[in-house]
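Down below is the structure, laid out as structure tokens.
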2 protein chains.
Amino acid sequence: MTAASTPGPAISGTTRVYALLGDPIAQVRAPGLLHPLLARRGIDAVFVPMQVAASDVAPVVRALRQVVNLHGVLVTVPHKAAALALADRVTARAGLAGSVNALRREPDGTWSADTFDGDGFVRGLVETGYDPRGLRVCVVGAGGAGSAIAVALLDAEVAEVRLVDTDAGRLDTLCQRLSAAYPGRVTAATEPHLADVDIAVNATPLGLRPDDPLPFPVTGLPAHAVVADIIMKPAETALLRAADERGLTAHPGEPMLNHQLDSYLAFFAL
Amino acid sequence: MTAASTPGPAISGTTRVYALLGDPIAQVRAPGLLHPLLARRGIDAVFVPMQVAASDVAPVVRALRQVVNLHGVLVTVPHKAAALALADRVTARAGLAGSVNALRREPDGTWSADTFDGDGFVRGLVETGYDPRGLRVCVVGAGGAGSAIAVALLDAEVAEVRLVDTDAGRLDTLCQRLSAAYPGRVTAATEPHLADVDIAVNATPLGLRPDDPLPFPVTGLPAHAVVADIIMKPAETALLRAADERGLTAHPGEPMLNHQLDSYLAFFAL
């Protein structure tokens with residue numbers, strides 16, 4: 001329970017408050033990364049992590065909308081899909097993904113939402129030297145983050161997105177929605193087939209907890225493949241370690257988050 | 001919207017979160033006073049001001065109780081009476097006052113509440129040299145803070161507490177409850193009669209806003225009287241200025257808050 005060495009924002013009755021909802025919450029890194037950016041800009045705002053169970057997300061967000069000095073909410077695992085229904089208005093990409101990770105109060109009191117996961121993921125890949133254009137990408141996990149990443153990859157002109165999820169119903173819904181928007185470039189499977197894949201992405205929460213199983217085996221991937229994880233903490237997940245041990249390229253979660261920080265600040269006009 | 005110069009707590013996913021509910025909220029000073037104390041103790045916790053209208057307090061507190069890493073709530077004007085009903089258990093003094101200003105989550109998941117306004121007010125008076133023992137004190141405002149202050153004054157053995165409020169129903173309820181507990185020492189009136197009063201206390205929110213009228217006229221008070229205000233911001237209210245101009249002793253809100261800070265930290269086990 002010791003305070004970290006870097007201090008955070010001064011907080012007063014005039015501070016703009018933003019909540020960050022997730023479950024679990026201990027691993028979230030956005031507040032620690034956003035607060036120094038806000039301090040450098042001289043902006044009086046704070047991001048407050050809140051651990052909320054899935055069954056409580058709707059009533060908690062509805063209550064937070066009544067907090068006058070709370071101007072927005074960031075949403076992380078596992079609430080990104082549920083949060084879409086809590087906004088009055090979402091972007092086209094968020095609607096396609098079926099998930100949002102940021103909601104803000106508009107001047108008229110309504111709430112708008114967008115998702116920055118996919119854009120952040122693709123920009124992180126490109127910046128590291130792995131432009132996915134024309135490649136075949138397997139996205140494991142068709143939840144909030146996975147669906148947003150799939151949309152951004154398709155917008156970045158990948159040849160094919162192969163969606164994998166153990167929940168056949170959720171998988172089918174997302175596959176149908178994306179196939180309609182990106183015909184002939186989306187496939188789906190409940191088991192990962194990885195032999196012809198250029199990039200394999202873990203978009204499940206597996207790896208957050210130390211005793212989690214691997215989200216997919218790295219043994220079936222071709223030697224040139226990139227294995228990407230969106231988990232931020234631990235920085236090196238068991239999946240990335242396994243990929244590294246097999247000689248594959250391991251791409252961690254950090255670049256995706258770093259590329260989202262500016263998007264968050266712009267979205268919240270901070 | 002510029003950040004204050006003194007930094008606040010580092011905030012991460014492991015930070016203990018406390019909310020501070022009021023309406024308005026811009027004037028609250030507890031976060032800025034508590035955060036340096038927490039930093040000195042090396043405690044990873046944050047107090048987050050939240051402006052919530054009276055009609056929204058119950059649903060917002062109910063929702064905040066579902067936030068797993070939110071361990072307690074401070075309550076200020078005008079929610080102190082409403083907050084009593086939102087706890088599972090209150091102290092005897094809070095029950096007598098009919099108001100609470102701090103609620104905490106217990107290990108079993110229930111919520112306990114207490115009020116520190118009265119104790120803080122009396123300790124602030126005594127420390128400044130105005131021991132109220134044996135004196136006649138008029139408390140204007142029979143809301144959450146006023147009722148807590150009345151209870152603490154009676155516990156501090158004042159000769160009489162004269163309660164004043166324009167709401168005759170609220171006044172009568174409090175007077176009956178306190179008279180039963182402190183027989184013969186509590187009176188009530190809808191208009192302040194101040195000619196024989198040693199200490200007159202403003203426990204209304206009047207003075208928070210620049211165009212508020214005075215909560216009571218200082219002209220009727222005896223020359224030795226102390227005029228106390230519980231408003232923290234502005235530090236010098238129009239009431240205190242008027243008292244000072246008449247040559248009376250003006251006692252500001254700050255000592256009451258300062259004496260509550262340690263009580264808050266002890267209550268929350270911080």
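Could you please let me know if A:R105 is surrounded by fewer than 18 Cβ atoms within 10 Å (Cβ to Cβ) and either at negative phi or not assigned by TED's automatic domain parsing to the domain that holds A:Q176 (or both)?
Here the answer is no, as A:R105 does not meet what is asked.
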Scanning for something modelled with pLDDT under 95 and aliphatic (A, V, I, L, M), does segment A:125-132 turn up at least one residue? no
Among (1) touching a Lys or Arg at 6+ places or on another chain (Cβ under 6 Å); (2) small (G, A, S); (3) surrounded by 24 or more Cβ atoms within 10 Å (Cβ to Cβ); (4) facing another protein chain (nearest Cβ under 9 Å), where does B:S99 come up short? (4)
Tell me which of these B:L37 doesn't satisfy, since it passes every other one: (1) in a helix (DSSP H, G or I); (2) in contact (Cβ under 8 Å) with a residue 60 or more places away in the chain; (3) within 7 Å of chain A (Cβ to nearest Cβ). (3)
Give the number of residues within segment A:83-97 that are in a helix (DSSP H, G or I), in contact with a strand residue (DSSP E or B) (Cβ under 8 Å, 6 or more places away or on another chain) and small (G, A, S). 2
When you scan segment B:200-233, how many residues do you find that are open to solvent by 10 Å² or more (accessible area, probe 1.4 Å), touching a Pro at 6+ places or on another chain (Cβ under 6 Å) and either not in a loop (DSSP other than H, G, I, E, B) or not β-branched (V, I, T) (or both)? 1
Selection status of A:V137, within 20 Å of A:L194 (Cβ to Cβ), in the same structural domain as A:A203 (by TED's automatic domain parsing), open to solvent by less than 40 Å² (accessible area, probe 1.4 Å) and not in a loop (DSSP other than H, G, I, E, B): yes
Name the one entry in B:V67, B:V17 that is in a strand (DSSP E or B), within 7 Å of chain A (Cβ to nearest Cβ) and within 18 Å of A:V28 (Cβ to Cβ). B:V17
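B:A30: open to solvent by less than 20 Å² (accessible area, probe 1.4 Å) and more than 10 Å from chain A (Cβ to nearest Cβ), yes or no?
no
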Restricting segment B:234-260 to residues that are at pLDDT 95 or above and touching a helix residue (DSSP H, G or I) at 6+ places or on another chain (Cβ under 8 Å), the residue that is surrounded by the fewest Cβ atoms within 10 Å (Cβ to Cβ): B:T249
Mind checking whether some residue in segment B:177-184 is within 23 Å of B:V122 (Cβ to Cβ), in contact with a Lys or Arg (Cβ under 6 Å, 6 or more places away or on another chain) and not in a loop (DSSP other than H, G, I, E, B)? no
If only one of A:D56, A:D131, A:D88 is surrounded by fewer than 23 Cβ atoms within 10 Å (Cβ to Cβ), within 14 Å of another protein chain (Cβ to nearest Cβ) and of a type in the set (D, E), which one is it? A:D56
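The values are calculated or read from the model by the stated rules, or taken from the named source; none is laboratory data. What you see is a predicted model, and the numbers here were worked out from it, not measured in a lab. Glycine gets a Cβ as well: all are built from the backbone with ideal geometry, and neighbour counts include every protein chain shown. Only protein heavy atoms, including side chains, enter the accessible area calculation; ligands, DNA and RNA are left aside. Shrake-Rupley method; radii C 1.70, N 1.55, O 1.52, S 1.80 Å.
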